[in-house]
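Some notes on the structure that comes next.
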């Protein structure tokens, strides 16, 4: 069930003309301890040194006066810098100047084609226009412009990847941004569902006739879409990867859910869907089912280690064990959760799930009230409001390794360890927030884009001095503004 489409070559844009300025170091490179018994250091592509490295590994190891060596896009060594320089040599050296180095953030869930609609909702007030009309009017050019603008902001904020949950009508348009910007993107098939009327009944502000007309009309059409993006996984080095996704929230039949889960198992990829965004809607479903929703899923064999649920704003205390029992993973959207506080049925338990060993990733969903770099603060606020405060290092983990786990990439990304891909952020040591007292707080919660000195994706520098070197910032912003204004005009909105 794979689509006949073109796979994207990896890192084509990353090999572009920007030349990274490097320094030389007066370290001896023929010291003892070289792997393989050689008297000469091994060659590598890059050494980042003079850094405080937050690995976010299983032990939360921090390496002070550390360095890491990169070869072929992967970390080949990470230790104190004297050990690295004794064993490795490179023509490219990056002096972190004492700054912190940490894994790149991953946005575990974002409706990226709506990024240019961040501030459009006020224009819809008092009109018959909904976000459904906006989404229904999206063209491939609009989706490309929106994704490219998001990529620009992501990289500036220390993100190295993002996940769209199947809300892009033309995945190729968004996939093209990965190589152009040098950012990782995870995609799935667009709006796979066979019961869109459920969304219209409970969230009418999200739908319109022209929007739902682009959804599958029945189960057969939905099944034909399923798995159409998995061809992107053929190239192990591609920046674009795919997973199995349904829209969720009661828009899929048991038959469609089972088919999606079976496909995910067969291809060994993640299966994701929205679940539990509106607690009131979940309670309504449970009343009709006559039992808690997760128990209903369990009885039908729908809970599985390949499954990731997004939102889960209603989790009962006695349901936490189900997540561990079946190896479920969860995407936490803090702003969406904050919106549910005060509404019937909300029981947020993201911190409890994380501490119970469940892999939780933090996501923006749609960043309507804050930029990507404020996501850690939103998570801290949502956790505190729930009565279960999160420690800063927990938030840092959920923005990196946890987010990677929700898309099945934690074996390759999310922490800085030998063998993993070299996706990392170098922070400015002289930023006002960087006291070095609590790196989790300073980097994962408070520190914004102004503290980002450099970003590397697969060992290639994409941000230098806070500037994205793979994109023309002015051109990207201008194109996105043109796209959004034209779309607003087509939908009848006036500023």
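The figures follow:
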{"read-out": "Condition check for residue 389: assigned by TED's automatic domain parsing to the domain that holds residue 282, farther than 19 Å from residue 448 by Cα and surrounded by fewer than 23 Cβ atoms within 10 Å (Cβ to Cβ)", "value": "yes"}
{"read-out": "Search result, residues across segment 347-380 that are buried (at least 19 other Cβ atoms within 10 Å of the Cβ) and more than 23 Å from residue 410 (Cβ to Cβ)", "value": "348, 366, 367, 374"}
{"read-out": "Positions within segment 315-341 being under 25 Å from residue 371 (Cβ atoms) and assigned to a loop (DSSP other than H, G, I, E, B), in sequence order", "value": "333, 341"}
{"read-out": "Matching residues in segment 242-282 - criterion: being within 20 Å of residue 205 (Cα to Cα) and surrounded by fewer than 18 Cβ atoms within 10 Å (Cβ to Cβ)", "value": "280"}
{"read-out": "All positions within segment 40-63 that are part of a loop (DSSP other than H, G, I, E, B), closer than 20 Å to residue 437 by Cβ and touching a helix residue (DSSP H, G or I) at 6+ places or on another chain (Cβ under 9 Å)", "value": "56, 60"}
{"read-out": "Count of residues meeting criterion [touching a helix residue (DSSP H, G or I) at 6+ places or on another chain (Cβ under 7 Å) and within 20 Å of residue 327 (Cβ to Cβ)] in segment 403-436", "value": "4"}
{"read-out": "Pair list, Cβ under 7 Å, 6 or more apart: segment 471-491 residue more than 15 Å from residue 113 (Cβ to Cβ), other residue surrounded by fewer than 13 Cβ atoms within 10 Å (Cβ to Cβ)", "value": "none"}
{"read-out": "Candidates 145, 173, 151 - the one that is free of Cβ contacts under 8 Å to residues at least 60 places away in the same chain and assigned to a helix (DSSP H, G or I)", "value": "173"}
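The values are calculated or read from the model by the stated rules, or taken from the named source; none is laboratory data. From a predicted model like this one, the values you see are computed outputs, not experimental measurements. Here Cβ is always computed from backbone atoms with ideal geometry, including for glycine, and neighbour counts include all displayed protein chains.
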